[in-house]
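The values are calculated or read from the model by the stated rules, or taken from the named source; none is laboratory data. Worth saying up front: this structure is predicted, and the values here are computed from it rather than measured. Note that we place each Cβ from the backbone using ideal geometry, even for glycine, and neighbour counts take in every protein chain shown. Surface areas here come from the heavy atoms of the whole protein model, side chains and all, with no ligands, DNA or RNA. Shrake-Rupley method; radii C 1.70, N 1.55, O 1.52, S 1.80 Å.
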Amino acid sequence: MTKNKKLPEWVPKNGGDGFTTEVLEGVASVHDGFATTKMRTLTNKKRSVLSTEEYYKGVISGDRAILARAITLIESNAKRHFLQAQDLIQLLLPHANKSLRIGISGVPGAGKSTFIEALGVMLCEMGYKVAVLAVDPSSSITKGSILGDKTRMEQLSNQENAFIRPSPSGGMLGGVARKSRETILLCEAAGYDIILVETVGVGQNEVTVRSMVDFFLLVLITGAGDELQGMKKGVMEICDAILVNKADGDNLIRAKTARADFDNMLHYLRPATKGWQSKAYICSALKKTGIKEIWEVMLEFEKNTKASGVFTERRNHQQLEWVNTMVVEQLKLKFFNHHLIKTRYAELAKKIEKSELSPTKAATELLELFEST
Ligand SMILES: Nc1nc2c(ncn2[C@@H]2O[C@H](COP(=O)(O)OP(=O)(O)OP(=O)(O)O)[C@@H](O)[C@H]2O)c(=O)[nH]1
Ligand SMILES: [Mg+2]
């Protein structure tokens, strides 16, 4: 019975769930395969959670409302939702993995959302199905700025082939990353062939988004203040292209100069992707110029990396990285929540404060204590 499954430590133990017993039994029996599964018909129309089979069928048939509800299930912090979500992902895995995943990062106000809308609408008109997601670990406080964007991305949200989803609020970055990765899988299973992931906020996010996408685009503008230079340098090393946005009106000439400068800088960096020279381009998301050109760069990237095997290699590596991250997170939680560690940690902290013990010795002692339990 699903109820008795041992939960990993990272699963929050709090939170209500709104589950019915019927749903839980349905989940448990799915393990035997659908052919032999007798899913109960639920009569409660107001239930907040569907059966796993209902989610599964809804997602693979491309039902946007059910996809949105399935993502909500993934984002839930209730343990039963977590278990059902994992069952659902397992079932959907064979249908996932078929998209091009594009990460879009850049300085605040560079025009990422405007660009995503322009690119998204163009791709929808070309016949692609486009999903737009955001990764924002701070969204538990701010509720994610893409939430505002959803209303701003008016043209894109009116497209039948577009799906826009704000960032999950996960508290820790790790939580947001897991939920975002799983959301990507769900969107792929629902038939979205282009996944655009917008990074909101600055800092660790870019690296996290890089670890879940195939192509990583850095959107910049001319004359960004000095305070942004530091951020840019690190992110430049992991991007597959730089896009200088707002190349319109009076700014066009400056944008062209900036493009040449960035191109030059990229030339001296180690390629972010094996066998691919990252270059700089210009566009105006507002005037919709240069959008088709950068899309062609992405297609070229996909073609090249698929031919060389780098595409699959990266995806496989990302899967393992995901596993490793989760193991590390779980170990960390186990360690710091262990009652013996907690007590000894407090004692050692006092010694460290008084310079009676070195941090390395303290860490060694704590690890030995943990291993002996
Ligand atoms: N002139 C000009 N303005 C633009 C262009 N693209 C975006 N903008 C404007 O720049 C401002 C910020 O655009 P957003 O798309 O919200 O930028 P963002 O990078 O998503 O911003 P954050 O999500 O807040 O970091 C808006 O006022 C846009 O209208 C462009 O190509 N040219
Ligand atoms: Mg934005």
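Using the structure shown, decide if Leu83 is touching a Lys or Arg at 6+ places or on another chain (Cβ under 7 Å), of a type outside the set (Phe, Trp, Tyr) and open to solvent by 10 Å² or more (accessible area, probe 1.4 Å). Working first, answer last.
Working: touching a Lys or Arg at 6+ places or on another chain (Cβ under 7 Å): yes; of a type outside the set (Phe, Trp, Tyr): yes; open to solvent by 10 Å² or more (accessible area, probe 1.4 Å): yes.
Answer is yes for this residue.
Take the conditions under 30 Å from Gly120 (Cβ atoms) and not aromatic (Phe, Trp, Tyr) and apply them to Ala280. Does it pass?
Numbers: under 30 Å from Gly120 (Cβ atoms): yes; not aromatic (Phe, Trp, Tyr): yes.
When the stated conditions are applied, Ala280 passes them.
Could you list all residues from region 330-344 that are within 17 Å of Gly175 (Cα to Cα) and not polar (S, T, N, Q)? Spell out how you get there, then give the answer.
Here is the first cut: in region 330-344, the residues within 17 Å of Gly175 (Cα to Cα) are 330-334.
Once the filter is applied, which keeps residues that are within 17 Å of Gly175 (Cα to Cα) and not polar (S, T, N, Q), region 330-344 yields Leu331, Lys332, Leu333, Lys334.
Could you say whether any residue in region 136-155 is within 11 Å of ligand 2 (Cβ to nearest atom) and modelled with pLDDT of 75 or more? Break it down into steps so the answer makes sense when it comes.
Within region 136-155, the subset within 11 Å of ligand 2 (Cβ to nearest atom) is 136, 144-150, 152-153.
Okay, now just the ones that are also modelled with pLDDT of 75 or more, so 153.
Yes, because at least one residue in region 136-155 is within 11 Å of ligand 2 (Cβ to nearest atom) and modelled with pLDDT of 75 or more.
Please go through region 330-373 and give me each residue that is under 29 Å from Leu185 (Cβ atoms), of a type in the set (D, E, K, R) and either free of Cβ contacts under 8 Å to residues at least 60 places away in the same chain or open to solvent by less than 50 Å² (accessible area, probe 1.4 Å) (or both), ordered by number.
Selection gives Lys332 alone.
Please enumerate the residues belonging to region 71-121 that are under 18 Å from Tyr192 (Cα atoms) and in contact with a Ser or Thr (Cβ under 6 Å, 6 or more places away or on another chain).
Of everything in region 71-121, those that are under 18 Å from Tyr192 (Cα atoms) and in contact with a Ser or Thr (Cβ under 6 Å, 6 or more places away or on another chain) turn out to be Ile71, Leu88.
Where residues in region 99-118 are more than 12 Å from ligand 1 (Cβ to nearest atom) and not in a loop (DSSP other than H, G, I, E, B), which of them is surrounded by the most Cβ atoms within 10 Å (Cβ to Cβ)?
Let us first name the residues in region 99-118 that are more than 12 Å from ligand 1 (Cβ to nearest atom), namely 99-103.
Of the ones still in play, those that are also not in a loop (DSSP other than H, G, I, E, B) are 100-103.
Details: Leu100: 18, Arg101: 23, Ile102: 24, Gly103: 27.
Top of the filtered list is Gly103.
For region 209-317, please list each of the strands (runs of 3 or more DSSP E) lying entirely inside it that holds at least 1 residues being out of contact with any Asp or Glu (no Cβ under 8 Å at 6 or more places or on another chain) and within 16 Å of ligand 2 (Cβ to nearest atom). Explain how you work it out, then say what you get.
On the way: elements: 215-220, 241-244, 279-282.
Counting at least 1 such residues, we get 215-220, 241-244.
Quick one: in region 263-290, of everything that is of a type in the set (A, V, I, L, M, F, W, C) and open to solvent by 20 Å² or more (accessible area, probe 1.4 Å), which residue is nearest to Ser308 (Cα to Cα)? Let's see the steps before the verdict.
Our first condition is that a residue be of a type in the set (A, V, I, L, M, F, W, C); within region 263-290, this holds for 265-266, 269, 272, 276, 280, 282-283, 285-286.
Imposing the further condition that a residue be open to solvent by 20 Å² or more (accessible area, probe 1.4 Å) reduces the set to 265, 269, 272, 276, 282, 286.
Working: Met265: 25, Leu269: 21, Ala272: 15, Trp276: 10, Ile282: 27, Leu286: 35 Å.
In this case the residue turns out to be Trp276.
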